[in-house]
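What follows is a single structure, written as structure tokens, with notes after it.
The values are calculated or read from the model by the stated rules, or taken from the named source; none is laboratory data. All of these numbers come straight from a predicted model, not from anything done at the bench. All Cβ positions, even for glycine, are placed from backbone atoms using ideal geometry, and neighbour counts span all protein chains on display. SASA here: full protein model, heavy atoms, side chains in, ligands and nucleic acids out. Shrake-Rupley method; radii C 1.70, N 1.55, O 1.52, S 1.80 Å.
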Amino acid sequence: ASLAIAGMTAASFAATMWLFLSSYFGLPVSITHTVVGSMLGYALFAGHGISHIKIASLLKILVSWVVAPVGAAAVTMVLLGFLNRLLLRRGTFLERLRQQDAEIRASEGEARYLPIPNRTPKGSAGPAISAHE
């Protein structure tokens with residue numbers, strides 16, 4: 001029981017340290033990724049080795065880390081297309097987003113990039129919005 005308590009304490013402390021250092025250095029950080037990694041480190045260090053790690057569960061987690069952002073992007077694109085067609089039938093939805101982006105950038109006084117494609121309602125593509133244009 002004492003190994004489990006020490007291991008869980010070390011994993012929690014290590015996760016906290018990693019999150020702090022990542023944030024301090026401006027690195028992208030995920031609490032979920034960090035906790036899974038620290039628990040994996042605890043299991044490997046405790047001498048249980050790979051045989052005590054549920055590989056199928058670990059693979060599900062790893063696959064979800066790839067699928068989730070791609071799936072969220074796809075759902076967002078579908079939702080924005082739906083909103084554009086249903087609510088603002090004249091194609092003004094993206095124009096309003098672009099205008100709000102320009103207003104936000106102007107009020108902040110710094111250049112930022114918002115990847116809203118420059119498309120007309122008929123689908124002709126143009127360059128993405130960039131503060132450097």
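Here is how the numbers come out for the structure above:
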| read-out | value |
| --- | --- |
| Residues that are in contact with a Ser or Thr (Cβ under 6 Å, 6 or more places away or on another chain) and touching a residue at least 24 places away in the same chain (Cβ under 8 Å), drawn from the range 14-37 | Ala14 |
| Test: residue in the range 28-41 that is over 20 Å from the mean Cα position of the chain (by Cα) and either among the β-branched types (Val, Ile, Thr) or not in a helix (DSSP H, G or I) (or both) | no |
| Verdict on Leu83 being open to solvent by less than 100 Å² (accessible area, probe 1.4 Å) and either within 30 Å of Thr32 (Cα to Cα) or modelled with pLDDT under 70 (or both) | no |
| Looking only at the range 1-32, and only at residues there that are in contact with a Phe, Trp or Tyr (Cβ under 7 Å, 6 or more places away or on another chain) and at pLDDT 90 or above, the one that is farthest from Leu62 (Cα to Cα) | Ala10 |
| Pair list, Cβ < 8 Å and 6+ apart or interchain, from the range 38-64 residues that are more than 22 Å from Leu19 (Cα to Cα) to residues that are open to solvent by 70 Å² or more (accessible area, probe 1.4 Å) | Ala46/Leu3; Ile50/Leu44; Ile53/Leu44 |
| Search result, residues across the range 42-56 that are assigned to a helix (DSSP H, G or I), under 19 Å from Ser2 (Cα atoms) and open to solvent by 60 Å² or more (accessible area, probe 1.4 Å) | Leu44, Phe45, His52 |
